[in-house]
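To keep things clear, I will list the structure first and then write my remarks on it.
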Amino acid sequence: MNEQLPTENILFTPLKTTVDVIQDTILQRICFLEYSPGDQLKEAVIAKEFGVSRTPVRDALSRISHLGLIETKNGVGTVVVKMSDEKIAHLYEVRLELAALIGKLSPATIDDNHRIEATAIHEAALELQENFDPREFVRLNQRMQVLISSLIGNPVLQDFWHQSYFQAASIWQRMAVLFGDKVASALVRETEDLKTALEQNNIDAVGYLQRLHISYGYNLIRENMFGKEF
């Protein structure tokens, strides 16, 4: 049963069901490397943790499987997927193309809520630059992606953007640990660009800027992480 549960009051985030909460918790753990590639996710253990039956856990794992972050292996069970260099390359190729479509395919109307949230995110990025924390970097990126997703009016594009975002987010914790100062500065620039685009009511610029910053992140990964184990 998808009982409605209260969640933190985040702009653009609707009231979440039990399945949503379990899904979000598992996704966060994957993004924070609390669940590492190869780790087994046991339905019974997760169900006991949340005090629910296996049904909502199974539904949550099914959703995450569709995002490409976990898979079921015969004789092993459900495990967290390791992102190979090739898969990361393919992922970023897709993200670059998707970003170019933001602002072109049925974009949402920019309003004051978007501008207020963009300003708040940029201010948080400035604070993060002064006192960097990898987990907060991931959280702030997630918050920014919620904002960007709310600007996408085409539901198909929004679904693809959502899926590719979470696949990319699964490696951001490693990026943050390895390149703290670089990614902190890049996030400040990205949030400032987004804030300016929304202030100017320029939805086309949002997609262009996302493509630019995604390209920077991909180059950083390709030059420093490909072919290495962390």
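Think of each Lys and Arg Cβ as +1 and each Asp and Glu Cβ as -1; about the Cα centre, that makes the dipole of the range 122-230 roughly 360 debye. Principal axis extents of the Cα atoms in the range 94-225, from largest to smallest and rounded to whole angstrom, are 38, 29, 19. Per residue, the range 85-230 exposes an accessible area of 48 Å² to a 1.4 Å probe, with every protein chain left in place. In the assembled protein chains, Lys42 presents an accessible area of approximately 110 Å² (probe radius 1.4 Å). A simple spin-label model places pseudo-atoms 7 Å from Cα toward Cβ; at Asn131 and Thr119 they are separated by 2.3 nm. Carbon-plus-sulfur fraction of the accessible area of the range 180-230, 1.4 Å probe, in percent? Exposed carbon and sulfur together represent 44 percent of the surface.
Largest mean-square fluctuation among Leu61, Leu105, Leu198, in a Gaussian network model of the chain whose springs join Cα atoms under 10 Å apart, belongs to Leu105.
Given a cut-off of 20 Å, name the pairs among Lys42/Lys228; Lys82/Lys228; Lys87/Lys228; Lys104/Lys182 whose C-alpha atoms lie farther apart than that in the structure shown. Distance filter (> 20 Å) returns Lys42/Lys228; Lys104/Lys182. To the nearest 10 degrees, how steeply does helix 18-31 sit against the main Cα axis of the chain, on a 0 to 90 scale? For helix 18-31, the angle is close to 70 degrees. As a length-normalised measure over Cα pairs under 8 Å and 6 or more apart, the relative contact order of the chain settles at 24 percent.
Taking every Cα-Cα distance in the range 17-64 and sorting them into 10 Å bins from zero, the calculated P(r) comes out as 29, 60, 11 percent.
Set the Cα radius of gyration of the chain against 2.2 N^0.38 Å, with N its number of residues, and you get 1.02. Put a plus charge on the Cβ of each Lys and Arg, a minus charge on the Cβ of each Asp and Glu, and nothing anywhere else: the dipole of the chain about its Cα centre is then about 680 debye. Largest accessible area first, the residues Val76, Val57 order themselves as Val76, Val57 under a 1.4 Å probe with ligands, DNA and RNA left out.
Relative to the first principal axis of the alpha-carbon coordinates of the chain, what is the inclination of helix 134-150, with its axis defined by its Cα atoms, in degrees from 0 to 90 and to the nearest 10? On a 0 to 90 degree scale, this one is about 70.
The values are calculated or read from the model by the stated rules, or taken from the named source; none is laboratory data. Since we're looking at a predicted model, the values are computed, not measured. So basically every Cβ, Gly included, is an ideal-geometry build from the backbone, and we count neighbours across all protein chains shown. Surface accessibility is based on the protein's heavy atoms, side chains included, excluding ligands, DNA and RNA. Shrake-Rupley method; radii C 1.70, N 1.55, O 1.52, S 1.80 Å.
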